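Here's the structure we're looking at; comments come further down.
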Amino acid sequence: MTTLEVSSLGAAREGAGRWCGRVGLLIILIVAGILRIHHLGFRSFWFDEALSDFIISRPFGGIIAQVKDWEQTPPLIHFILWGWSRVFGHSEVALRFPSVIFGVASVGMIYVLGTELFGRRAGLMAALFLALNPCHIHYSQEARAYSLMVLLAIVATWCFVRILRGGPHPTRRIPSMRENSIVLEYGTESEKPSGGFQVAYVLTCAGLMYAHIYGALAVAALGLAYILIRLSGCATVRLDVRRWLTLEAAILVFYTPWIKVLFLWHWTVTNKGVFWIQRADWGLVPEALVMYAGSGWMLVVLGAMAVAGCVACARSRQWRSGPLHGCDPSLSETRQVAQWDLPQSEFQRQSFGDT
């Protein structure tokens, strides 16, 4: 089998896989939308949603002052709901629908992120689990910032991966020879981090922290991930330390106006005792994990899958050579299809003769 035939077969398989992936994603998105729209207006507003409605009923210029006085959530969601309510009204369905949109978009973006890191099958599996997750469905039906926070966290992570890998999305396929095999390698058109992704990363991380104060934990986790990847000696990281520090500083600059408010909220909660949530302890961790997973048995399933994934990554030659190596959406499938063990003489003939 010649190199041209291998490339053609790999390209055909890749095209079929991409089409099946798109159909699968479309079905998952439709299911996610149905589950989040179902009974959207069945319940009346609870206290926090009523508070959102109260704040956005005020003039636009007074939103920040109202949020400072009444909330413990930054104002991004209130700005969004203020504009939305001027068009669609203040009913339960109207004010909750942006969260539905953010929730369905999160399902689509987790597919993009999973595909970027581990291939199309992993992306579809991640999208399916998020689409069916009861916790995510519940908070995608509230007129609050939770589903927006999840969406921005996923987008920020995707931008983070792209700027570490450098260059635009790796769509250029490069046939190459390795020992006695023909492998389709995936390369990028540029080794430098994309400026567009860097800007998107900064803006998304800033928006994430303006969506919810816990968004800062996601930003901190990405920073920790960069440090660990650097310490691991991964040679495929295209973002140098100086540029990374510049991006983190830019995020901090965007968020600086709200830091004073955070300290005010913290002082109010700790000194006046007006916060209604009890102090957390380690005993609440298992309960929270079960809630996030949807049920106890689902937590066991997800935990087992996480362990299996870590073991597979540890055994993967590609992962050991660098987890941020460029990966096409169909890399996991095409790499397997486009590789054949060939006799040494046949390999040499195809490599150096009959070209």
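So here's what we get for this one:
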{"read-out": "Candidate set: segment 58-88, residues that are outside any helix (DSSP H, G or I) and within 29 Å of N133 (Cβ to Cβ); chosen: the one modelled with the lowest pLDDT", "value": "Q72"}
{"read-out": "Any hit, segment 315-330, residues being out of contact with any Cys (no Cβ under 6 Å at 6 or more places or on another chain), modelled with pLDDT under 75 and surrounded by fewer than 10 Cβ atoms within 10 Å (Cβ to Cβ)", "value": "yes"}
{"read-out": "Residue that is surrounded by fewer than 19 Cβ atoms within 10 Å (Cβ to Cβ), in contact with a Phe, Trp or Tyr (Cβ under 9 Å, 6 or more places away or on another chain) and either in a helix (DSSP H, G or I) or among the charged types (D, E, K, R) (or both), where the choices are L25, L95, L29", "value": "L29"}
{"read-out": "Qualifying residue in segment 103-114 (condition: surrounded by 23 or more Cβ atoms within 10 Å (Cβ to Cβ) and of a type in the set (S, T, N, Q))", "value": "yes"}
{"read-out": "Residue check, S190 modelled with pLDDT under 90, among the polar types (S, T, N, Q) and within 28 Å of F102 (Cα to Cα)", "value": "no"}
{"read-out": "Selected residue [within 27 Å of F79 (Cα to Cα), part of a helix (DSSP H, G or I) and among the aromatic types (F, W, Y)] from F129, F102", "value": "F102"}
{"read-out": "Matching option when the condition is of a type in the set (V, I, T), without any contact (Cβ under 8 Å) to a residue 24 or more places away in the chain, out of contact with any helix residue (DSSP H, G or I) (no Cβ under 9 Å at 6 or more places or on another chain) and not in a loop (DSSP other than H, G, I, E, B), among V290, V307", "value": "V307"}
{"read-out": "Any chance Y201 is among the hydroxyl-bearing types (S, T, Y), buried (at least 22 other Cβ atoms within 10 Å of the Cβ), under 19 Å from G166 (Cα atoms) and at pLDDT 95 or above", "value": "yes"}
{"read-out": "Residues being in contact (Cβ under 8 Å) with a residue 24 or more places away in the chain and surrounded by fewer than 12 Cβ atoms within 10 Å (Cβ to Cβ) - total across segment 204-248", "value": "1"}
{"read-out": "Test result for I55, closer than 30 Å to W267 by Cα, without any contact (Cβ under 8 Å) to a residue 40 or more places away in the chain and buried (at least 17 other Cβ atoms within 10 Å of the Cβ)", "value": "yes"}
{"read-out": "Qualifying residue in segment 147-169 (condition: at pLDDT 95 or above, buried (at least 21 other Cβ atoms within 10 Å of the Cβ) and touching a Pro at 6+ places or on another chain (Cβ under 9 Å))", "value": "yes"}
{"read-out": "Residue list for segment 64-81, restricted to those being under 16 Å from F102 (Cα atoms) and of a type in the set (F, W, Y)", "value": "F79"}
{"read-out": "Evaluation of K260 against (1) over 28 Å from the mean Cα position of the chain (by Cα); (2) touching a residue at least 24 places away in the same chain (Cβ under 8 Å) (one fails), failing number", "value": "(2)"}
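The values are calculated or read from the model by the stated rules, or taken from the named source; none is laboratory data. Since the structure is predicted, the reported quantities are computational estimates derived from the model, not experimental observations. Using ideal geometry, Cβ is built from the backbone for each residue, glycine included, and neighbour counts are taken over all protein chains shown.
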